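Derivation of every value follows stated rules applied to the coordinates shown; laboratory data play no part. Worth saying up front: this structure is predicted, and the values here are computed from it rather than measured. Every residue, glycine as well, gets a Cβ built from its backbone with ideal geometry; the counts of neighbours run over all protein chains shown.
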Amino acid sequence: MAAAVAASPLMATYGTAVDRESAREILAVKMNAAADADAALEAAEEAEKSAKATAKEQAKVQAEYERALKDMNQKSAPKSSTRTTTRSSTRKQPNVLEDVLGSRTGQTVVREVLRGIFSTLKRR
């Protein structure tokens with residue numbers, strides 16, 4: 001049988017053994033390349049995000065420094081005007097008596113006491 005195979009005209013085309021990659025091996029290489037590309041893209045995105053966060057933090061620190069420097073310069077600079085003005089707050093200070101008398105219950109109590117004083121309450 002070996003002689004018949006060796007004498008065959010197809011031996012020149014199909015007689016040599018070829019070690020080709022299987023479809024599984026080809027797909028595995030493509031998948032690994034895609035995974036590497038995704039990992040590189042994620043690493044680049046992470047580096048960009050980290051750089052943005054660092055830049056934002058630096059800008060925040062710089063703004064804080066400039067604000068502190070401005071405050072320090074304002075405090076140390078002599079005032080140009082000799083006239084001082086005091087601002088009074090337009091917000092009222094909390095007063096317990098006003099809160100009680102201003103409430104609905106407080107108004108009812110005051111009304112009933114005044115009626116009792118002036119005898120306008122009906123006698124029971």
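Odds and ends about this structure:
- Rg and Dmax of the chain, based on Cα coordinates, read 46.1, 140 Å.
- Residues in region 4-36 reached by a label modelled at Ala47 [backbone nitrogen below 19 Å; 7 Å Cα→Cβ]: 34-36
- Across all C-alpha atoms in region 20-74, the radius of gyration and Dmax reach 23.6, 80 Å.
- Dipole of region 20-74 [Lys/Arg +1, Asp/Glu -1 at C-beta], most positive-end residue of Ser22, Ser50, Ala40: Ser50
- When the chain is treated as a GNM with alpha-carbon contacts under 10 Å, the residue of Glu48, Glu25, Glu64 showing the greatest mean-square fluctuation is Glu25.
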